[in-house]
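The values are calculated or read from the model by the stated rules, or taken from the named source; none is laboratory data. In this text, all values refer to a predicted model and were calculated from it rather than measured experimentally. Reconstructed Cβ throughout: ideal geometry from the backbone, glycine too, with neighbour counts over all protein chains shown.
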Amino acid sequence: MAWLVLIISGVLEAVWATALGASDGFKRKLPTFIFIASMAVSMAGLAYAMKELPTGTSYAVWVGIGAVLTAVLAVLRKQEKLSLSRAVLLTALIGCVVGLKVVS
């Protein structure tokens, strides 16, 4: 259960990071609300997962999922371009997250 909560929390990290960028310095209400709500739930999920999983592993997985999904969302929203080298590095990051699950 802790792994599932951790994965969902990582996804929510991408949500809050994207909403933070869209909030325009907290000037836009809906993205600001999404940022606050998703950050709170994401942090609570990370804290829950850390009760059963090692802190370093939990944090690395949480950040890895959030970073990859935030980058993917930026590409899908046409805010960033996806180069071959960037795609390879993001794929490697995914591999590292999966590897942490395998060795845990």
Is it the case that some residue within the stretch 88-102 is of a type in the set (S, T, N, Q) and touching a helix residue (DSSP H, G or I) at 6+ places or on another chain (Cβ under 7 Å)?
no
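Here's the yes/no breakdown for (1) within 14 Å of K101 (Cα to Cα); (2) of a type in the set (D, E):
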{"residue": "A2", "(1), (2)": "yes, no"}
{"residue": "I7", "(1), (2)": "yes, no"}
{"residue": "V15", "(1), (2)": "no, no"}
{"residue": "S23", "(1), (2)": "no, no"}
{"residue": "I36", "(1), (2)": "no, no"}
{"residue": "A40", "(1), (2)": "no, no"}
{"residue": "Y48", "(1), (2)": "no, no"}
{"residue": "E52", "(1), (2)": "yes, yes"}
{"residue": "L69", "(1), (2)": "no, no"}
Do any residues in the stretch 1-22 that are farther than 14 Å from A37 by Cα have Cβ atoms under 7 Å from those of residues that are among the polar types (S, T, N, Q) and crowded, with 21+ Cβ neighbours inside 10 Å, where the two are at least six apart or on different chains, and which pairs are they?
L6/S58
Given the stretch 1-76, what helices (runs of 4 or more DSSP H) lie entirely inside it while holding 1 or more residues that are touching a Lys or Arg at 6+ places or on another chain (Cβ under 8 Å) and farther than 15 Å from I94 by Cβ?
2-22
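Residue by residue, here is whether (1) surrounded by 13 or more Cβ atoms within 10 Å (Cβ to Cβ); (2) of a type in the set (A, V, I, L, M) holds:
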position: M50; (1), (2): yes, yes
position: V68; (1), (2): yes, yes
position: V72; (1), (2): yes, yes
position: Q79; (1), (2): no, no
position: V88; (1), (2): no, yes
position: T91; (1), (2): no, no
position: V98; (1), (2): no, yes
Tell me, yes or no, whether the stretch 54-63 has at least one residue that is surrounded by 14 or more Cβ atoms within 10 Å (Cβ to Cβ), free of Cβ contacts under 8 Å to residues at least 12 places away in the same chain and not aromatic (F, W, Y).
no
Within the stretch 67-86, can one find any residue that is free of Cβ contacts under 8 Å to residues at least 12 places away in the same chain, of a type in the set (A, V, I, L, M, F, W, C) and touching a helix residue (DSSP H, G or I) at 6+ places or on another chain (Cβ under 9 Å)?
yes
I'd like to know if the stretch 54-64 contains one or more residues that are closer than 20 Å to M1 by Cβ, in contact with a Phe, Trp or Tyr (Cβ under 9 Å, 6 or more places away or on another chain) and at pLDDT below 95.
yes
If you take the residues of the stretch 21-39 that are hydrophobic (A, V, I, L, M, F, W, C) and under 13 Å from the mean Cα position of the chain (by Cα), which of them is farthest from K78 (Cα to Cα)?
M39
